[in-house]
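S.K.: Provided herewith is a single structure, encoded as structure tokens, for subsequent inquiry.
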Amino acid sequence: MVPLDYSNHGTVNRFRRKRGEMLRRLLDETIERLGRDIHIVDIGGRPDYWLNLPHLDRIARIDLMNASADELNRPLPDNAPAELFTRSVGDARRLDNYAAKSVDFIHSNSVIEHVGGWVNMAAMASELRRVGRAGWMQTPAWSFPVEPHFHTPFMHWFGAPMRARMLSISAARRFRNMDLARRRRAVETVNLLTRAEVAALFPNCAILTERVAFLAKSYVAYWHIDDPVQDVERKQAA
């Protein structure tokens, strides 16, 4: 497959390319250990996200699961292979359609901070680790000074009433134009995490801190395919 041309994709920047290269290395490791093309489930994903990878070789299928059907109805980018993707509506906190370790690679990018409070985030984290033989979960860092969803500096370091009021100075007009009630509802849909909290949600997983200069921008929890399952699969294939 010809590598994708980043210059023709306006949403891709250098930071995302670097992340895509790391993700691709982890996918290649999973492919090598299993000895076959892999099946990916992307929780909250969109097809254009996968254009950040250097290439899409050895990926058999990517199942995109979203809580909203509206997200699934977005058109594919022109250079995205339509046959690669399936789409479904689901709940990240209850992946009941997937048996334990039934997914070669589970993936989630900037979703866990939207599912609710700690109990809901813990439920999602537990489900990702249950179904994914290998996996990747990314979430913005609470310590970064600009709140990434609302484009407002420092607001996420305050309580909900102050966060709602601070949306009136957001860089995004759609937030500035909201009345107070709508702003309060909006800020309550996001719960950013510290590195320690990510580590608590994903025990025994590697935690990568992505940085802008010296500031933590986001965290990635990832885990490799487990060797005992790998050995069983190889014996069965022999």
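S.K.: Please state the charge dipole magnitude for region 109-199, taken about the Cα centre, from unit charges on C-beta atoms (+1 on K and R, -1 on D and E), reported in debye and rounded to the nearest 20.
M.R.: 240 debye
S.K.: OK, next. Which of rounded, prolate or oblate describes region 1-158 when judged by the alpha-carbon gyration tensor and an a/c cut-off of 1.5? Can you show the working numbers first?
M.R.: On the way: a/c = 1.57, a/b = 1.15, b/c = 1.36.
It comes out oblate by the Cα gyration axes.
S.K.: If we count every other residue with Cβ under 13 angstrom of Trp157's Cβ, Lys/Arg +1 and Asp/Glu -1, where does the sum land? Each step should come with its number before you reach the end.
M.R.: Working: positive: Arg163; negative: Glu147.
So the surrounding residues net to 0.
S.K.: Okay, moving on. Against the 2.2 N^0.38 Å scaling, with N counting residues, where does region 29-76 land? I'd like the Cα-based Rg ratio to two decimal places. Please list the in-between numbers first.
M.R.: On the way: Rg = 12.2 Å, N = 48, 2.2 N^0.38 = 9.6 Å.
Compared with the compact-globule rule of thumb, region 29-76 sits at 1.28.
S.K.: I've got another one for you. HN-Hα J couplings of region 184-193 from phi, Karplus 6.51/-1.76/1.60, θ = phi - 60°, integer Hz, Gly and Pro as x?
M.R.: 5, 4, 5, 5, 6, 8, 10, 10, 6, 10
S.K.: Which whole-number percent is the relative contact order of region 94-178 (Cα, under 8 Å, 6+ apart)?
M.R.: 24 percent
S.K.: Separate question: Run lengths n ≥ 4 of DSSP H only: what is the helix-derived mean residue ellipticity at 222 nm for the chain, with -39500 (n - 2.57) per run over all residues, to the nearest 500? List each step's numbers first, then the result.
M.R.: Details: 8 runs with 76 residues, N = 238.
It lands at -9000 deg cm²/dmol.
S.K.: Just to confirm my numbers, what's the Cα centroid distance between region 64-115 and region 156-221 in Å?
M.R.: Cα centroid to Cα centroid, the span is 22 Å.
S.K.: Please give the charge dipole size of the chain, origin at the Cα centre, charges +1 on K and R Cβ atoms and -1 on D and E Cβ atoms. Round to the nearest 20 debye. It would help to have the intermediate numbers written out before the result.
M.R.: Working: 34 positive and 28 negative charges, 187 e Å.
I would put it at about 900 debye.
S.K.: Would you kindly state how much longer the chain becomes between Ser68 and Phe158 on full extension, computed as 0.36 nm times their sequence separation minus their alpha carbon distance, in nm to one decimal? Walk me through the numbers before you get to the answer.
M.R.: On the way: separation 90, 0.36 × 90 = 32.40 nm, distance 2.89 nm.
Additional length available on full extension: 29.5 nm.
Where a number appears in this text, it was derived from the coordinates with a stated rule and is not lab data. Not measured: the values here are computed from a predicted model. Cβ: placed from backbone, ideal geometry, glycine included. Neighbour counts: every protein chain shown.
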